[in-house]
Amino acid sequence: MSFTGNDGIAMKRRSATAFIITFSLLLCSTSVQSFDNLHFLFSVSRLSDGANLRDPQGLAVSRETGDILIADTGNDRLCILSAHGVLVKSVGRVAGIQSPIGAAFGKDEGIYLTEIGTRQIKRLSFNGSPLPPIVPQTHDETSPLPGRIIVDGKGNIYAADRAEPRVLIISGSDYMTRQIQQTPGSREPQWKVQDVEVDGVGNIYILSSQGLAVHVFDANGHHLRSFGQHGSNEDQFSFPTGVAIGPEGNLWIADSFRHEIKVFDPRGEFLSRWGITGMGDGELFYPIDIAFGKGILYVLEKGASRLQAFEISRKP
């Protein structure tokens, strides 16, 4: 089995001067002035193999190549696109993939993916060959159900657990598993972990669609802070689903039911939000996941079944 390659794509483009999206910044905010503009670059919904993206739910960007990895859930496949949105490779049912929900580029070992109906993390080499899967094991009697995943610069795997209020951390050649979990007996609503992110110093950001939205832990698992109320104010959430760390270390969070992106600094201070509901270029319709390339924000929309790319402009 191997990936299949394509070199064309159906996409929409605009020049940087033709379409500019401006953040609605807080008047009191000065720390995000260099990120007050996003320039629409392109959108991708129909790939050059003739298939449309269908209910995509997972997104990742390679640190080395800038390639984009999409969990094309409804089509039971993974798609690799170039940084410019050109379909490079795809792999699907032939490799035994069914309803992928999370996907990540590994440090040295290819691609990791999770599926809605399985309790393991599947592995593929970069040429598409299946590798032995990882079956996370915990010290208690609960069985993890891994969802969205990321891999840090050291090769550690972080997986949101869709069955329990926790994040799994898998490391080493023996795939030793530890976990960061909600304090048992907490009065806070039980976490529903949607995504996880790690910054450059190893701090771990857990995104929950219930209770406070963001829970921050250091590399040793010590709780640092939590923030992000659910509500109707501009700094509050409806249903957060994806988190990524931007170029200046701020947290960018997709609020799916609000059809918008919110930006917070690492301390939890609200900076800005942006989002125009719709299916047009630059508009958002149920954004499900986000990721950064080199100077580019990628937004994956479940509702629109598409990927959009925005160049981040800096003020002089």
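The values are calculated or read from the model by the stated rules, or taken from the named source; none is laboratory data. The model shown is predicted, which means the values in this text are computed figures rather than measured ones. Glycine gets a Cβ as well: all are built from the backbone with ideal geometry, and neighbour counts include every protein chain shown.
Tell me, which residue of region 101-120 that is in contact with a Pro (Cβ under 9 Å, 6 or more places away or on another chain), touching a residue at least 24 places away in the same chain (Cβ under 8 Å) and not β-branched (Val, Ile, Thr) is nearest to Arg54 (Cα to Cα)?
Checking each candidate, the answer is Gly102.
Hey, can you tell me all the residues within region 216-236 that are over 25 Å from Ala103 (Cα atoms) and in a loop (DSSP other than H, G, I, E, B)?
Of everything in region 216-236, those that are over 25 Å from Ala103 (Cα atoms) and in a loop (DSSP other than H, G, I, E, B) turn out to be His222, Gly228, Gln229, Gly231, Ser232, Asn233, Glu234, Asp235, Gln236.
Considering Ser226, Ser272, Ser256, which residue is closer than 20 Å to Arg148 by Cβ and over 17 Å from the mean Cα position of the chain (by Cα)? Before the answer, list the steps.
Numbers: Ser272 fails: closer than 20 Å to Arg148 by Cβ; Ser256 fails: over 17 Å from the mean Cα position of the chain (by Cα).
Exactly one of Ser226, Ser272, Ser256 is closer than 20 Å to Arg148 by Cβ and over 17 Å from the mean Cα position of the chain (by Cα), namely Ser226.
When region 237-270 is examined, which residues are found to be part of a loop (DSSP other than H, G, I, E, B), touching a helix residue (DSSP H, G or I) at 6+ places or on another chain (Cβ under 9 Å) and not acidic (Asp, Glu)?
The answer is Ser238, Phe239, Gly246, Pro247, Asn250.
Can Gly249 be described as surrounded by fewer than 20 Cβ atoms within 10 Å (Cβ to Cβ), of a type outside the set (A, V, I, L, M), touching a residue at least 40 places away in the same chain (Cβ under 8 Å) and touching an Asp or Glu at 6+ places or on another chain (Cβ under 9 Å)?
Details: surrounded by fewer than 20 Cβ atoms within 10 Å (Cβ to Cβ): yes; of a type outside the set (A, V, I, L, M): yes; touching a residue at least 40 places away in the same chain (Cβ under 8 Å): yes; touching an Asp or Glu at 6+ places or on another chain (Cβ under 9 Å): yes.
When the stated conditions are applied, Gly249 passes them.
Can you pull out the residues in region 262-311 that are of a type in the set (Val, Ile, Thr) and farther than 20 Å from Asp195 by Cβ?
To start, the set of residues in region 262-311 that are of a type in the set (Val, Ile, Thr) comprises 263, 276-277, 288, 290, 296, 299.
Listed by number, the residues that qualify are Ile276, Thr277.
Among what's in region 139-155 and is touching a residue at least 40 places away in the same chain (Cβ under 8 Å) and in contact with a strand residue (DSSP E or B) (Cβ under 6 Å, 6 or more places away or on another chain), pick the residue that is surrounded by the fewest Cβ atoms within 10 Å (Cβ to Cβ).
Per the stated criteria, the residue is Asp152.
Where residues in region 275-294 are at pLDDT below 95 and surrounded by fewer than 17 Cβ atoms within 10 Å (Cβ to Cβ), which of them is nearest to the chain's Cα centre (by Cα)?
Of everything passing the filter in region 275-294, Lys294 is nearest to the chain's Cα centre (by Cα).
Counting only residues that are among the small types (Gly, Ala, Ser), touching a residue at least 40 places away in the same chain (Cβ under 8 Å) and touching a Lys or Arg at 6+ places or on another chain (Cβ under 6 Å), how many does region 175-224 have?
Total satisfying the criteria: 1.
Taking the stated definitions as given, is Glu197 of a type in the set (D, E, K, R), farther than 27 Å from Leu271 by Cα, touching a strand residue (DSSP E or B) at 6+ places or on another chain (Cβ under 8 Å) and surrounded by 19 or more Cβ atoms within 10 Å (Cβ to Cβ)?
On the way: of a type in the set (D, E, K, R): yes; farther than 27 Å from Leu271 by Cα: no; touching a strand residue (DSSP E or B) at 6+ places or on another chain (Cβ under 8 Å): yes; surrounded by 19 or more Cβ atoms within 10 Å (Cβ to Cβ): yes.
No: the conditions fail for Glu197.
Name the single residue, out of those in region 306-316 being surrounded by fewer than 21 Cβ atoms within 10 Å (Cβ to Cβ) and not basic (Lys, Arg), that is farthest from the chain's Cα centre (by Cα).
Among residues in region 306-316 that are surrounded by fewer than 21 Cβ atoms within 10 Å (Cβ to Cβ) and not basic (Lys, Arg), the one farthest from the chain's Cα centre (by Cα) is Pro316.
Restrict the check to region 116-133 and report whether at least one residue is closer than 30 Å to Pro189 by Cα and buried (at least 22 other Cβ atoms within 10 Å of the Cβ).
Yes - at least one qualifying residue is present in region 116-133.
Testing Gly85 on (1) crowded, with 18+ Cβ neighbours inside 10 Å; (2) touching an Asp or Glu at 6+ places or on another chain (Cβ under 7 Å), one condition comes back false. Which one is that?
Only one criterion is unmet by Gly85, namely (2).
Which one is modelled with the highest pLDDT, of the residues in region 175-215 that are of a type in the set (Val, Ile, Thr) and over 24 Å from Ala103 (Cβ atoms)?
Val201
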